[in-house]
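Visitor: Got a structure for you, questions after.
The values are calculated or read from the model by the stated rules, or taken from the named source; none is laboratory data. Note that the structure is a prediction, hence the values are computed from the model and not measured. Ideal geometry is used to build each Cβ from the backbone, glycine not excepted, and the neighbour counts take in all protein chains shown. We work out accessible area using only protein heavy atoms, side chains counted, and drop any ligands, DNA or RNA first. Shrake-Rupley method; radii C 1.70, N 1.55, O 1.52, S 1.80 Å.
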Amino acid sequence: MLTTFHRVRTIDEAVALKKSLGKRACFLAGGTNVNSSESTFTGDCVISLAGLGLDEIRTTAPAVIVGACCPLTQLLSAEEIPAPAQLAARRVA
């Protein structure tokens, strides 16, 4: 059961906190995995990545970079996301 919610201000702070908490913590980018009935996470802490600017989609040819906090709805509607990736996103949505 989750008992602690950590909100960090920087990526470096998130990484340092994860190192110190180990398997007790996981990163929370939106909650799809942590809140899933199929989740294997057994720790009691989450480290929120909200507010770190990880919610965008960028194209850097030939790659498309999807931030960890990008909402599935944004992923499903973005023109730059290839159809197979959108299909995979629909399956977890």
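Visitor: Among residues belonging to the range 5-50 that are among the small types (Gly, Ala, Ser), in contact with a Cys (Cβ under 7 Å, 6 or more places away or on another chain) and within 13 Å of residue 69 (Cα to Cα), point out the one that is modelled with the lowest pLDDT.
Guide: Kept after step one, since they are among the small types (Gly, Ala, Ser), are these residues of the range 5-50: 14, 16, 20, 22, 25, 29-31, 36-37, 39, 43, 48, 50.
Filter once more, so that each one left must be in contact with a Cys (Cβ under 7 Å, 6 or more places away or on another chain): 25, 29-30, 43, 50.
Narrowing further to those that are within 13 Å of residue 69 (Cα to Cα): 29-30, 50.
Details: 29: 90, 30: 79, 50: 93.
Here the answer is 30.
Visitor: If the Cβ limit is 8 Å and pairs must be 6+ apart or interchain, which residue in the range 10-30 that is of a type in the set (Phe, Trp, Tyr) pairs with which residue that is in a helix (DSSP H, G or I)?
Guide: 27/14; 27/18
Visitor: Return the total of residues in the range 31-75 being at positive phi and either surrounded by 14 or more Cβ atoms within 10 Å (Cβ to Cβ) or among the acidic types (Asp, Glu) (or both). Before you say what the answer is, go through the steps one by one.
Guide: First pass over the range 31-75, keeping only residues at positive phi: 31, 51, 53.
Remaining after also requiring either surrounded by 14 or more Cβ atoms within 10 Å (Cβ to Cβ) or among the acidic types (Asp, Glu) (or both): none.
Total meeting the criteria: 0.
Visitor: Consider only pairs whose beta carbons are under 6 Å apart and that are at least six residues apart or on different chains; among these, list those whose first residue lies in the range 35-56 and is within 13 Å of residue 1 (Cα to Cα) and of a type outside the set (Asp, Glu) and whose second residue is part of a loop (DSSP other than H, G, I, E, B) and open to solvent by less than 60 Å² (accessible area, probe 1.4 Å).
Guide: Going by the 6 Å Cβ cut-off, the qualifying pairs are 41/34.
Visitor: Keeping to the range 76-89, report how many residues are free of Cβ contacts under 8 Å to residues at least 24 places away in the same chain and open to solvent by less than 50 Å² (accessible area, probe 1.4 Å).
Guide: First pass over the range 76-89, keeping only residues free of Cβ contacts under 8 Å to residues at least 24 places away in the same chain: 76-80, 82-89.
Filter once more, keeping what is open to solvent by less than 50 Å² (accessible area, probe 1.4 Å): 76, 78, 85-86, 89.
Residues flagged as free of Cβ contacts under 8 Å to residues at least 24 places away in the same chain and open to solvent by less than 50 Å² (accessible area, probe 1.4 Å) within the range 76-89 amount to 5.
Visitor: Confirm whether residue 2 is surrounded by 12 or more Cβ atoms within 10 Å (Cβ to Cβ), among the hydrophobic types (A, V, I, L, M, F, W, C) and out of contact with any strand residue (DSSP E or B) (no Cβ under 9 Å at 6 or more places or on another chain). Let's see the steps before the verdict.
Guide: Numbers: surrounded by 12 or more Cβ atoms within 10 Å (Cβ to Cβ): yes; among the hydrophobic types (A, V, I, L, M, F, W, C): yes; out of contact with any strand residue (DSSP E or B) (no Cβ under 9 Å at 6 or more places or on another chain): no.
So residue 2 fails the test.
Visitor: Got at least one residue in the range 13-24 being in a loop (DSSP other than H, G, I, E, B), surrounded by 15 or more Cβ atoms within 10 Å (Cβ to Cβ) and not hydroxyl-bearing (Ser, Thr, Tyr)?
Guide: Just the residues of the range 13-24 that are in a loop (DSSP other than H, G, I, E, B), to begin with: none.
No, because not a single residue in the range 13-24 is in a loop (DSSP other than H, G, I, E, B), surrounded by 15 or more Cβ atoms within 10 Å (Cβ to Cβ) and not hydroxyl-bearing (Ser, Thr, Tyr).
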